[in-house]
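Engineer: Dropping a structure here in structure tokens format, bear with me for questions.
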Amino acid sequence: GIGADNDLYINQAIVFIEDAIQYRSINHRVDSKSLWLYRWYYSRTCQWILSLTITVILALAFIEEPSSLTVTSDVRYRLPAWNPPCGLTESIELLCFLVFVVDVSVKSYLIGWKEFWKNKWLMAYILTLIVSLTDWIVSLSFFCKESVRIRRILRPFFLLQNSSMMKKTLKSINSTLPEMASVVLLLAVHLSLFTMFGMLLFARTKDNQQDKEWVVYFRNLPDSLTSLLVLLTTANNPDVMIPAYSKNRAYSIFFILFTVLGNLFLMNLLTAIIYNQFRGYLLKSVQSSLFRRRLGIRAAFEVLSSLKETPATAQQSCVSVGALLQVLQKVEMDSRCKQAIMRSLKMCSCDQLSAAQFQKLFEELDKDAIKQHPPSPEYQSHFVQKMQFAFGHPYFGYLGNVVALANIISICVVLVMDADKQPSERDDFFLGAINCFFILYYLLEMLLKILAMGLKRYLSYPSNTFDGLLTVILLILEIATFAVYGFPHPGWRPEFMGLLSLWDMVRLVNMLIVFRFLRIIPNMKFMALVVTTLLDLVKNLRAFAGILVVVFYAFAITGIMLFKGAVVPLGNTRNSEAEFPGTCTPFSIKKVVVLHFMEKNVISCYSAHFQAEVIYCLLSVLSVHLICRWAKIYFVAWWLISSVIWVNLFVALLLENFIHKWDRRCQRESLSDIEYQRTVELMFRDVLEEPTEEELMEKLHQHPHLQLCR
């Protein structure tokens with residue numbers, strides 16, 4: 001009936017507007033049941049459950065064998081780690097897999113069978129689940145004693161496929177790979193040529209005393225290649241050149257040329273090329289997001305214009321204001337935007353909206369979120385008004401900064417004076433007394449500012465919230481110190497009482513005071529600009545950071561599997577030779593150090609995340625001979641992906657964001673009572689191209705499930 005059709009059109013418009021708000025694709029089923037399922041799937045509860053499931057399955061690596069649940073990673077001091085019984089983590093894993101099965105089933109149904117075969121991510125999702133479930137069954141059949149668990153390496157995929165922004169980032173990285181490969185190939189040629197030069201230059205001679213460079217670094221091709229590869233990272237500089245330099249100063253020219261060409265030219269050339277190829281990535285991504293938003297709004301207009309209440313005599317499609325108000329009542333969107341759109345509708349004198357008017361209404365979504373600070377209280381007393389003026393003036397804040405600086409200087413003076421004293425010789429009276437004085441001043445300053453500005457206005461400034469919170473914490477700590485140890489007096493060194501000793505509590509107070517000194521940042525214009533820009537970048541680069549987590553996690557799990565059983569605890573080195581293939585050389589003392597280092601860095605998932613240090617220390621500082629040949633491939637791959645490629649990509653993206661944000665903020669005049677809260681989409685708003693009417697309608701007519709009337 002007409003009523004059922006109208007309800008369907010209303011629900012379609014609601015979903016399309018919500019898709020536009022979240023920059024989602026509108027290519028999904030649009031019948032009544034599918035729309036209900038779609039809204040349920042994208043509800044906060046379902047998305048929260050999905051995010052929690054991904055977090056849980058990734059966190060399992062920290063408690064699975066080998067467990068990371070120890071205070072220290074040092075094998076000499078740590079207690080045996082608790083390892084969960086077989087079936088415990090597997091049961092949690094199965095629950096996570098069931099959630100993922102429901103997730104992929106709902107997604108596949110909503111986009112339709114034809115779209116499913118075009119979606120490579122969904123097909124990869126299903127394949128990952130099949131492999132993971134198969135590996136899970138194999139694990140149980142071996143009673144959790146199997147040495148390799150493939151599903152652990154696949155876990156980061158669940159995080160990857162759940163973020164559209166991370167997928168876009170990967171797509172852009174994929175398009176950048178050919179240019180990166182050319183520079184990496186150039187680096188390989190540079191490395192190979194200098195390796196051959198080095199082997200010829202430091203060849204073995206008759207005098208064994210003069211062959212230290214050959215013995216340690218250039219004995220054969222793999223060792224020579226590894227030595228120069230590590231030199232490219234500067235981790236073994238200047239150690240690698242010391243034996244040759246001791247023999248003849250002229251040998252340093254070889255290492256200087258290698259470092260200059262490799263580090264100063266080729267590595268920076270790689271950064272420049274990656275930046276040049278990658279700098280348009282974010283703009284293209286935001287442009288496609290804008291198109292999705294405009295397409296969602298236009299789709300909502302088209303279905304609302306199909307309502308039976310729309311006048312048939314209208315020469316062009318239009319939507320009634322009443323229908324739009326009905327839709328807005330049910331749409332989940334920011335209350336600020338909803339109220340602004342409703343105000344615009346009430347001010348509109350017409351009953352019908354054209355496509356252009358409809359689209360213009362929803363441009364409110366693209367505007368800056370403006371945070372206006374509440375007004376200061378109005379006092380009747382003339383004396384209080386003068387106090388309000390004095391303590392609300394910026395100079396009062398500057399005075400507070402000077403006092404905070406004086407506090408920092410006094411702490412530094414005491415720390416320098418007591419640096420060489422034994423704990424029994426230290427007198428905490430002076431430090432305790434000055435801390436008490438400064439904390440009382442901070443409390444007075446906070447109360448006077450609240451009097452001048454009012455509590456709501458005071459808390460509306462993040463710097464004041466930060467300042468006030470630390471002041472309250474400092475006051476509580478100081479009261480606790482006095483309650484346990486009494487008031488400061490000469491020779492104030494009471495015995496340990498309570499949870500913390502007096503010195504521990506004083507140290508904690510001092511650390512908070514030092515941290516509180518960051519309050520000066522808002523008062524320094526350019527420093528504040530840099531810090532706020534970096535904070536905004538952190539919020540807007542979550543997708544890129546997510547892929548970084550995926551890379552770290554995958555290498556950490558791979559490292560655990562590769563080096564499991566290769567670590568011999570200290571004091572038990574008699575079997576250490578059998579733990580490594582014959583290519584490893586038997587330097588027993590250094591080997592113990594290497595094994596201990598590997599124990600600390602790749603024995604568990606938590607420690608494995610610090611493998612950036614491992615490549616440098618294992619391949620250079622602790623001698624390249626101590627690491628098996630096949631293990632070098634793992635560490636070199638880690639260095640190439642994380643340091644050479646990934647860090648440069650991150651620098652490129654950081655530069656693009658920072659430069660654009662810097663320019664925008666420098667152009668805008670600062671307003672004291674207004675703060676602009678910008679997202680990455682809003683940063684590029686003025687350089688984006690609006691999609692044309694023809695582009696939108698062409699895309700709508702290609703919708704696999706929506707049949708338009710025109």
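Engineer: Specify which of the listed residues (L444, L451) is free of Cβ contacts under 8 Å to residues at least 40 places away in the same chain, assigned by the TED database to the domain that holds R519 and not charged (D, E, K, R).
Structural biologist: The conditions single out L444.
Engineer: Continuing with the same structure: Identify all residues within the stretch 10-34 that are part of a helix (DSSP H, G or I) and of a type outside the set (D, E, K, R); write none if there are none.
Structural biologist: I10, N11, Q12, A13, I14, V15, F16, I17, A20, I21, S32, S34
Engineer: Looking only at the stretch 298-316, how many residues end up being at pLDDT 80 or above and in a loop (DSSP other than H, G, I, E, B)?
Structural biologist: Adding up the residues that qualify gives 2.
Engineer: Restricting to the stretch 128-145, give me the number of residues that are closer than 20 Å to Y553 by Cβ and open to solvent by less than 50 Å² (accessible area, probe 1.4 Å).
Structural biologist: Qualifying residue count, the stretch 128-145: 6.
Engineer: Of all residues in the stretch 146-159 being open to solvent by 20 Å² or more (accessible area, probe 1.4 Å) and assigned to a helix (DSSP H, G or I), which is farthest from S51 (Cα to Cα)?
Structural biologist: So the residue we want is I150.
Engineer: Okay, moving on. With the condition kept exactly as written, say whether any residue in the stretch 100-107 is among the hydrophobic types (A, V, I, L, M, F, W, C), within 20 Å of K564 (Cα to Cα) and surrounded by fewer than 17 Cβ atoms within 10 Å (Cβ to Cβ).
Structural biologist: no
Engineer: How many residues does the stretch 223-239 hold that are open to solvent by 60 Å² or more (accessible area, probe 1.4 Å) and either of a type in the set (S, T, N, Q) or over 15 Å from Y251 (Cβ atoms) (or both)?
Structural biologist: 3
Engineer: So, one more: Out of all the residues in the stretch 35-46, is one or more in a helix (DSSP H, G or I), free of Cβ contacts under 8 Å to residues at least 60 places away in the same chain and crowded, with 17+ Cβ neighbours inside 10 Å?
Structural biologist: Within the stretch 35-46 (the criterion being in a helix (DSSP H, G or I), free of Cβ contacts under 8 Å to residues at least 60 places away in the same chain and crowded, with 17+ Cβ neighbours inside 10 Å), the answer is yes, since at least one residue qualifies.
Engineer: Just the residues that are open to solvent by 30 Å² or more (accessible area, probe 1.4 Å) and closer than 30 Å to P80 by Cβ, please, taken from the stretch 47-57.
Structural biologist: The answer is T55, V56.
Engineer: Same structure again: Quick test for you: out of Y245, Y217, pick the one residue that is modelled with pLDDT under 90, surrounded by fewer than 21 Cβ atoms within 10 Å (Cβ to Cβ) and touching a Pro at 6+ places or on another chain (Cβ under 8 Å).
Structural biologist: Among Y245, Y217, only Y245 is modelled with pLDDT under 90, surrounded by fewer than 21 Cβ atoms within 10 Å (Cβ to Cβ) and touching a Pro at 6+ places or on another chain (Cβ under 8 Å).
Engineer: Then there is this: Could you please give the count of residues in the stretch 445-469 that are out of contact with any Leu (no Cβ under 8 Å at 6 or more places or on another chain), in a helix (DSSP H, G or I) and either among the small types (G, A, S) or closer than 18 Å to P375 by Cβ (or both)?
Structural biologist: 12
Engineer: Another question, then. Say whether the condition of being closer than 16 Å to V303 by Cβ, free of Cβ contacts under 8 Å to residues at least 60 places away in the same chain and among the hydroxyl-bearing types (S, T, Y) is met by at least one residue in the stretch 25-34.
Structural biologist: Within the stretch 25-34 (the criterion being closer than 16 Å to V303 by Cβ, free of Cβ contacts under 8 Å to residues at least 60 places away in the same chain and among the hydroxyl-bearing types (S, T, Y)), the answer is yes, since at least one residue qualifies.
Engineer: Let me ask something else. Quick check on the stretch 197-208. Is at least one of its residues out of contact with any Phe, Trp or Tyr (no Cβ under 9 Å at 6 or more places or on another chain) and assigned to a helix (DSSP H, G or I)?
Structural biologist: Yes, because at least one residue in the stretch 197-208 is out of contact with any Phe, Trp or Tyr (no Cβ under 9 Å at 6 or more places or on another chain) and assigned to a helix (DSSP H, G or I).
Engineer: Let me ask something else about it. Within the stretch 54-65, identify whether any single residue is touching a Lys or Arg at 6+ places or on another chain (Cβ under 8 Å), outside any loop (DSSP other than H, G, I, E, B), touching a residue at least 12 places away in the same chain (Cβ under 8 Å) and under 16 Å from Q161 (Cα atoms), and answer yes or no.
Structural biologist: Scanning the stretch 54-65, I find at least one residue that is touching a Lys or Arg at 6+ places or on another chain (Cβ under 8 Å), outside any loop (DSSP other than H, G, I, E, B), touching a residue at least 12 places away in the same chain (Cβ under 8 Å) and under 16 Å from Q161 (Cα atoms), so the answer is yes.
Engineer: I'd like to check something: does the stretch 220-229 contain any residue that is farther than 25 Å from L655 by Cβ, outside any helix (DSSP H, G or I), among the hydroxyl-bearing types (S, T, Y) and at pLDDT below 90?
Structural biologist: So far as the stretch 220-229 goes, no, none of its residues is farther than 25 Å from L655 by Cβ, outside any helix (DSSP H, G or I), among the hydroxyl-bearing types (S, T, Y) and at pLDDT below 90.
Engineer: Within the group Q388, Q359, Q352, which residue is open to solvent by less than 70 Å² (accessible area, probe 1.4 Å) and in the same structural domain as S463 (by the TED database)?
Structural biologist: Residue meeting the stated conditions: Q388.
Engineer: Out of L110, L88, L122, I need the residue that is assigned by the TED database to the domain that holds W40 and open to solvent by 60 Å² or more (accessible area, probe 1.4 Å). Which one?
Structural biologist: L88
Condition check ((1) in the same structural domain as F62 (by the TED database); (2) touching a Leu at 6+ places or on another chain (Cβ under 8 Å)) across all residues:
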site: L140; (1), (2): yes, no
site: L154; (1), (2): yes, no
site: L159; (1), (2): yes, yes
site: T169; (1), (2): no, no
site: N174; (1), (2): no, no
site: P178; (1), (2): no, no
site: V184; (1), (2): no, yes
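Engineer: If you don't mind, another one. Suppose we keep only residues that are open to solvent by 60 Å² or more (accessible area, probe 1.4 Å) and touching a helix residue (DSSP H, G or I) at 6+ places or on another chain (Cβ under 8 Å) within the stretch 539-551. Which one would you say is modelled with the lowest pLDDT?
Structural biologist: Step by step, filter the stretch 539-551, then rank; the result is R542.
Engineer: I'm trying to understand the selection: among the residues of the stretch 72-111, which are among the hydroxyl-bearing types (S, T, Y) and within 30 Å of I126 (Cβ to Cβ)?
Structural biologist: Within the stretch 72-111, T89, S91, S105, S108, Y109 meet the criteria.
The values are calculated or read from the model by the stated rules, or taken from the named source; none is laboratory data. Note that the structure is predicted; figures quoted are calculated from it, not measured. Glycine also receives a Cβ, built like all others from the backbone with ideal geometry; neighbour counts cover every protein chain displayed. Each accessible area value is taken on the protein alone, full model and side chains, heavy atoms only, with ligands, DNA and RNA left out. Shrake-Rupley method; radii C 1.70, N 1.55, O 1.52, S 1.80 Å.
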